[in-house]
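Only one structure is covered here, and it is reproduced in the block below.
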Amino acid sequence: MNLTQYLKHLIALLSCGGLLFSDMALDVGKPDVQGKVTAGGYHSLAIDESGQIWGWGLNKNGQLGNGTRVRRDLPFPLKPGIGASRIIGISAGEDHSLALSEDGSVWAFGLNQDGQLGIGTKIDQSVPTEVKGLSQIIEVCGGRKHSIALKRDGSVWAWGSNECGQLGQPKLTVSLAPLEVAGLESIVSVAAGLSHSLALKKDGSVWEWGAMGHRSDGTVRIVRTPRRVQGLTAVKMIAAGGRHSLALLSDGTVWAWGNNDYGQLGDGTNESRMNPTQVKGVAHAGLISAGYDHSAVLSDDHRAWTWGDNNLGQLGNPKPEASSLPVPVVGATGPLMNVAAVRCGGYHTLFLTVENELLASGNNSFGQLGDWKFKDSTFPSLVVKQILQSKGQR
């Protein structure tokens, strides 16, 4: 489309400056809400009400899927061509992206030097390319150099780098195509961190494999085949960050384990932990998300809380220092209210409100906040807000 058509399309998708998501059930705790927005290492993706994917931020490897390698400082539409079915889910890895189609197929684009696209080669793709050998997929997740997918039958499939065991394959170093992760069954959700993976079983137990964090002596704890995380029961949601993990229990409490250099475990310390510890001050949680070194939770009153590293404003709180305890996300006029979903990227965070506004805070070096500024923000600003004011000036 030309610039005029693009601007008209954008304006049609704006509500007070934000992308529309009116086809979603905007209720806290709904996984389908969380799957409509995603934040990668340095890029962001969202699905609008028509099923169109929009991407913004770093694009040097084609991770925005628009057929170019030009970075975008405001949302730009994905290049058409993902089969005949509607896209129902997206996930952003560090420099690659995944899209889940309604027919259960998976499409990948972006960096592929470690086979993280799962297309049988190591060639980057700037347009969506189907991951062969997968069907009936219901969830996808991208890590730094690997990807994982959950099949309707409860099996887990993974591809890409296996240097830290993140594929759950004890003898391989890389796989260019999806392989089933052995030892797992009845899985209902998966998550991918930088170099580790998580799976949530139907019985509420959590399983982990890959680089799980640093021990007290500084060495990395690597688990090459899935093992159960001890001390966790009745888990209903999982999230994987840089080298830390989160679990949301059915009683509304949140538990964390792994690296804790910046307080990303939320227990009031900077002590890394191999076993889950309860995040302090969090009750009645509905959603969780984890970035490289920060974490977020959404409470059932539709308020967002964050903790961990904040050197670039990724906590959405004006205090510049890191926090080892949850702090409220603060908007331009006070605490950010009516949040429906939160998604942590590498060093930025996305917030979707019940009014269908998409906001972002944190690092904006590559335009991943989508506000046309290339300037970091310590509080959530509206994605594509300035397009309404400046569309005729660019």
Within segment 145-163, tally of residues that are assigned to a loop (DSSP other than H, G, I, E, B) and within 18 Å of the chain's Cα centre (by Cα):
1
Restricting segment 360-372 to residues that are at pLDDT 95 or above, in contact with a Ser or Thr (Cβ under 8 Å, 6 or more places away or on another chain) and hydrophobic (A, V, I, L, M, F, W, C), the one nearest to Asn317 (Cα to Cα) turns out to be Ala360
Taking segment 373-394 on its own, how many of its residues are part of a loop (DSSP other than H, G, I, E, B) and modelled with pLDDT of 90 or more?
3
The one condition Leu117 fails out of (1) more than 19 Å from Ile88 (Cβ to Cβ); (2) surrounded by fewer than 24 Cβ atoms within 10 Å (Cβ to Cβ); (3) within 17 Å of the chain's Cα centre (by Cα); (4) among the hydrophobic types (A, V, I, L, M, F, W, C) is (2)
Sort through Ala234, Ala283 and tell me the only one that's small (Gly, Ala, Ser), at pLDDT below 95, more than 28 Å from Gly160 (Cα to Cα) and out of contact with any Lys or Arg (no Cβ under 7 Å at 6 or more places or on another chain).
Ala283
Considering only residues that are under 15 Å from the mean Cα position of the chain (by Cα) and either of a type in the set (Val, Ile, Thr) or not in a strand (DSSP E or B) (or both), which ones fall in segment 89-114?
Ile90, Gly93, Glu94, Asp95
In segment 186-218, how many residues are part of a loop (DSSP other than H, G, I, E, B) and at pLDDT 95 or above?
8
Yes or no: Val188 aliphatic (A, V, I, L, M), open to solvent by 10 Å² or more (accessible area, probe 1.4 Å) and in contact with a Lys or Arg (Cβ under 6 Å, 6 or more places away or on another chain)?
yes
Selection within segment 328-351 - in a loop (DSSP other than H, G, I, E, B) and open to solvent by less than 30 Å² (accessible area, probe 1.4 Å):
Val329, Leu336, Gly345, Gly346
Checklist (1) farther than 27 Å from Gly110 by Cβ; (2) open to solvent by 40 Å² or more (accessible area, probe 1.4 Å) applied to Thr173, failing item
(1)
Candidates Gly51, Gly93, filtered to the one that is open to solvent by 10 Å² or more (accessible area, probe 1.4 Å) and of a type in the set (Gly, Ala, Ser)
Gly51
Only one of these conditions is not met by Val181: (1) in contact with a strand residue (DSSP E or B) (Cβ under 9 Å, 6 or more places away or on another chain); (2) surrounded by fewer than 22 Cβ atoms within 10 Å (Cβ to Cβ). Which number is it?
(2)
From Leu325, Leu315, Leu359, grab the single residue that is of a type in the set (A, V, I, L, M, F, W, C), in a strand (DSSP E or B) and open to solvent by less than 20 Å² (accessible area, probe 1.4 Å).
Leu359
How about segment 277-288: which of its residues are touching a Leu at 6+ places or on another chain (Cβ under 8 Å) and open to solvent by less than 30 Å² (accessible area, probe 1.4 Å)?
Thr277, Val279, Ala285, Gly286, Leu287, Ile288
If I ask for residues that are open to solvent by less than 20 Å² (accessible area, probe 1.4 Å), small (Gly, Ala, Ser) and in a loop (DSSP other than H, G, I, E, B), which ones from segment 54-67 would you list?
Gly62, Gly65
Count - residues of segment 289-312 that are buried (at least 24 other Cβ atoms within 10 Å of the Cβ) and among the acidic types (Asp, Glu)
1
Any chance you could count how many residues in segment 303-356 are at pLDDT 95 or above and on the phi > 0 side of the Ramachandran plot?
3
Take the residues of segment 246-272 that are aromatic (Phe, Trp, Tyr) and open to solvent by 20 Å² or more (accessible area, probe 1.4 Å): which is nearest to Val220 (Cα to Cα)?
Tyr262
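The values are calculated or read from the model by the stated rules, or taken from the named source; none is laboratory data. Not measured: the values here are computed from a predicted model. Ideal geometry is used to build each Cβ from the backbone, glycine not excepted, and the neighbour counts take in all protein chains shown. Note: accessible area is taken over every heavy atom of the protein model, side chains too, but ligands, DNA and RNA are not part of it. Shrake-Rupley method; radii C 1.70, N 1.55, O 1.52, S 1.80 Å.
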